[in-house]
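Chemist: My questions will all concern the structure given below.
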Amino acid sequence: MKTTVEITLKSLSLTSIPEKALLISRNLLTVEMIWPKVGTPRKSATRQITMKKGKCDFTAEPWAKRVLFREEIDGHTAFTVSIAEPVTMQKLHRLLQLTAKAALKEGADMIDAALVSYGDIAAAPVDALATMVAEKDAPRIIVQGILDYDDLPAAGEEKEVVIPLTRPKLGKSVGSLTLVVKG
């Protein structure tokens, strides 16, 4: 059964982070939906967040900043969450460079596929531009989470979804991200 939902941020709480600098910092938050419907393997939303004492309350923010997705879900989905290390302007610039490179590469691949016999020639300028974009290390993921979700709300109904967060490789619970799913 297909259900149209709106997914917004409610709150974030990190309680067991040893690095004190992470508790008052600007970080990148990425939330992804996995296979919300046939033909859509992923939907992703990334935004900068500012933590204070390891917490964020998104409820006072305008809807435009809280909303992550407005999507039709076919039966069930899963949410993945990642929070990257504190972001300096230099790291944010590098991340944008990586994003630009990936977009350019994708464009070159599409040109190559569309123009079967002339694809290499047509894609060459885009490939060259993608190569020229500086490649640097992306910000390190400091917290992550995953949650299978099939308890979709009915039309007009609202449900809170709490996604447990852990440290990569350690599996140690460090907090949670709360989303609101509205049918």
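Rule-based calculations on the coordinates, nothing more; no lab input. Bear in mind the structure is a predicted one, so any value in this text is a computation, not a measurement. Don't worry about glycine lacking a Cβ; one is built from the backbone with ideal geometry, like all the others, and counts go over all protein chains shown.
Chemist: FRET efficiency for A154 and S16, Cβ-Cβ distance as r, R0 = 45 Å, nearest 0.05?
Modeler: 0.80
Chemist: Taking the highest mean first, how do the peptides 2-14, 165-177, 41-53 order by number of other beta carbon atoms within 10 angstrom per residue?
Modeler: 2-14, 165-177, 41-53
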